[in-house]
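A.B. asks: Quick one: this structure, given as structure tokens, is what I'll be asking you about.
Rule-based calculations on the coordinates, nothing more; no lab input. Bear in mind the structure is a predicted one, so any value in this text is a computation, not a measurement. As a convention, Cβ positions derive from the backbone with ideal geometry for all residues, glycine included, and neighbour counts pool all protein chains shown.
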Amino acid sequence: MKELIAKIVRIFLLMSCKLVTGIQARWLTEPNNYRCKIYYANHSSHLDGLLLWSCFPKYLRSSIYPVAAQDYWGKTSFKRFIASDVFNSVLITRSPNCRENPLSILEDLLTKQQSIILFPEGTRGDGQHVADFKSGLFHLAKHLPNVELVPVYLNNLNRVWPKGSKLLVPIICSAVFGLPIKPLDETETKESFLNRAKQALEELAP
């Protein structure tokens, strides 16, 4: 029964968000399920994960896991249901006091040939600029060098659901899926890699 309710809610939310945003996806690299990937994107709205997930072909969605913050999406049973049951999200903690490695669950998924959606800024931005990346993307790239890293630029999501607002504003949005970036080199520093990954994302902006 819970699975049926989740399916109904998923269809309703996907249709509603597509109606409000008219999301248009542009692929510079073809999606496929033959190789696991980290799709990393800029973050400016709570709709980002949902809209990005909706851009994938239906047959791929079950193998792609959006990464979401436990402190927000795990706060109530309703939010946990939407994140985990409806949209297949993985909730991770952002607390520096966490005893467990928050990346371990992501590494397990990638090792099992599942893909993830990651927002390396770590928190919502203003939609005008891409903030510096946290170190998570670097550590995943270092531990799993065979995983492809695909930048995705989301445009206008911050205007659909402005920070602090409870109302959605109908505005055409877009998602540009770039080519995979060059894998992490053994001699490359964390700072150099993160700057390079960020630049690849920024170059997709309209």
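A.B. asks: Using only helices, what value at 222 nm comes out for the chain when you add -39,500 (n - 2.57) per DSSP H run of length 4 or more and divide by the total residues, to the nearest 500 deg cm²/dmol?
C.D. replies: After summing the helix terms and dividing by residue count, I get -9000 deg cm²/dmol.
A.B. asks: Something else about it: Counting only the backbone N, which residues of the stretch 63-83 are under 16 Å from the spot 7 Å out from the Cα of residue 123 toward its beta-carbon?
C.D. replies: In the stretch 63-83, the label zone of residue 123 (backbone N under 16 Å from the point 7 Å along Cα→Cβ) covers 69-73.
A.B. asks: Would you work out which of 149, 181, 56 lies farthest towards the positive end of the dipole of the chain? Charges go on Cβ: Lys and Arg +1, Asp and Glu -1.
C.D. replies: 56
A.B. asks: Does anything in the stretch 116-157 have its amide N under 17 Å from the 7 Å Cα→Cβ label point of residue 171, and if so which residues?
C.D. replies: Output list for this probe position: 124-131, 153-157.
A.B. asks: Here's a follow-up. Quick one: of 75/166; 134/198; 37/142; 112/142; 142/190; 2/37, which pairs are farther than 21 Å apart, Cα to Cα?
C.D. replies: Violating the 21 Å limit, Cα to Cα: 2/37.
A.B. asks: What's the extension gain from residue 132 to residue 101 if we count 0.36 nm per residue and subtract their Cα-Cα distance?
C.D. replies: 9.0 nm
A.B. asks: Counting other Cβ atoms within 10 Å, keep those with at most 15, restrict to DSSP loop, and tell me which trypsin sites (Lys or Arg not before Pro) in the stretch 1-74 are left.
C.D. replies: Those satisfying the criteria are 35.
A.B. asks: Roughly how compact is the chain, stated as its Cα Rg over 2.2 N^0.38 Å to two decimals?
C.D. replies: Dividing the Cα Rg of the chain by 2.2 N^0.38 Å gives 0.98.
A.B. asks: Where the centroid of each part is defined by its Cα atoms, how far is the stretch 52-97 from the stretch 98-162 in Å?
C.D. replies: 12 Å
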